[in-house]
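The values are calculated or read from the model by the stated rules, or taken from the named source; none is laboratory data. Quantities reported herein were computed from a predicted structural model and do not represent experimental measurements. Here Cβ is always computed from backbone atoms with ideal geometry, including for glycine, and neighbour counts include all displayed protein chains. In case anyone asks, the SASA skips ligands and DNA or RNA and just uses the protein heavy atoms, side chains included. Shrake-Rupley method; radii C 1.70, N 1.55, O 1.52, S 1.80 Å.
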Amino acid sequence: MKILLTGGCGYIGSHTCCELINSGFDVVIVDNLENSEKDVIEKIRRITGKDVTFYEANLINKDLLRNVFIENDISAVIHFAGSKNSSKSIDSPLIFYRNNLDSTLSLLEVMKEFDCKKIIFSCCNIFRQTKSAFFAIFFMLCILVFLISTKSPPVYIQPFYPSLLGLLFP
């Protein structure tokens, strides 16, 4: 089973990648390296003893995402990619939200094209920002549920820090 790991060169992504490889999964990483370094790929190879397919790209690029799915026969997605700079999200919230929303929507649209219905979505960083961030995340989650058919296997969404907003998730 090949898993697409977006944001796989980041701290959480790289550790997740190692655990996936050590558990027998093939991993394909897409990362724009905005908040990470390409040398992480070599570190993953050294730690696991296995090669990792890597694409340096922004998820907004649907043509590249399509190629990733075509070239790798992706079975599931773990979506960790997204802007996380706290000061930028406060100084330029629309740019921050647009990047995170557009990249997630592009990913979901391509997943639908390839009938890929398994996703783990993490939005941990944005919950730290402001209560208005909740609406952006709520919008993304509604679209996620809409795009991934209810006939498919369950969609796992793991929100972090909900208590900061006084929210409870089942």
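Is there a residue being part of a helix (DSSP H, G or I), basic (Lys, Arg) and modelled with pLDDT of 90 or more anywhere in the stretch 87-107?
No, every residue in the stretch 87-107 fails to be part of a helix (DSSP H, G or I), basic (Lys, Arg) and modelled with pLDDT of 90 or more.
Say whether the condition of being out of contact with any Cys (no Cβ under 7 Å at 6 or more places or on another chain), of a type in the set (Phe, Trp, Tyr) and surrounded by 14 or more Cβ atoms within 10 Å (Cβ to Cβ) is met by at least one residue in the stretch 16-39.
Checked against the condition, which is being out of contact with any Cys (no Cβ under 7 Å at 6 or more places or on another chain), of a type in the set (Phe, Trp, Tyr) and surrounded by 14 or more Cβ atoms within 10 Å (Cβ to Cβ), the stretch 16-39 yields at least one hit.
So if I check each of ASP63, ASP51, which one is at pLDDT 95 or above and open to solvent by 30 Å² or more (accessible area, probe 1.4 Å)?
One residue alone meets the criteria, ASP63.
Looking only at the stretch 4-15, which residues are among the β-branched types (Val, Ile, Thr) and open to solvent by 10 Å² or more (accessible area, probe 1.4 Å)?
Of everything in the stretch 4-15, just one residue is among the β-branched types (Val, Ile, Thr) and open to solvent by 10 Å² or more (accessible area, probe 1.4 Å), namely ILE12.
LYS117 is checked against (1) modelled with pLDDT of 55 or more; (2) touching a Lys or Arg at 6+ places or on another chain (Cβ under 9 Å); (3) closer than 19 Å to TYR11 by Cβ; (4) not in a strand (DSSP E or B) and fails just one. What number does that condition carry?
(3)
Any chance the stretch 52-64 includes a residue that's within 26 Å of GLU109 (Cα to Cα) and in contact with a Phe, Trp or Tyr (Cβ under 9 Å, 6 or more places away or on another chain)?
Yes: the stretch 52-64 contains one or more residues that are within 26 Å of GLU109 (Cα to Cα) and in contact with a Phe, Trp or Tyr (Cβ under 9 Å, 6 or more places away or on another chain).
Taking interchain pairs and intrachain pairs at least six residues apart, which have beta carbon atoms under 8 angstrom, with the first residue in the stretch 106-119 and exposed (fewer than 14 other Cβ atoms within 10 Å of the Cβ) and the second of a type outside the set (A, V, I, L, M)?
Within 8 Å, the pairs are GLU113/ARG66; GLU113/PHE69.
Tell me which residues, restricted to the stretch 22-67, are touching a helix residue (DSSP H, G or I) at 6+ places or on another chain (Cβ under 9 Å) and part of a strand (DSSP E or B).
Residues satisfying the conditions are ASP26, VAL27, VAL28, ILE29, VAL30, ASP31, THR53, PHE54, TYR55.
Looking at (1) touching a helix residue (DSSP H, G or I) at 6+ places or on another chain (Cβ under 7 Å); (2) open to solvent by less than 70 Å² (accessible area, probe 1.4 Å); (3) of a type in the set (A, V, I, L, M, F, W, C); (4) modelled with pLDDT of 90 or more, which is the only condition ALA76 fails?
All conditions pass for ALA76, except number (1).
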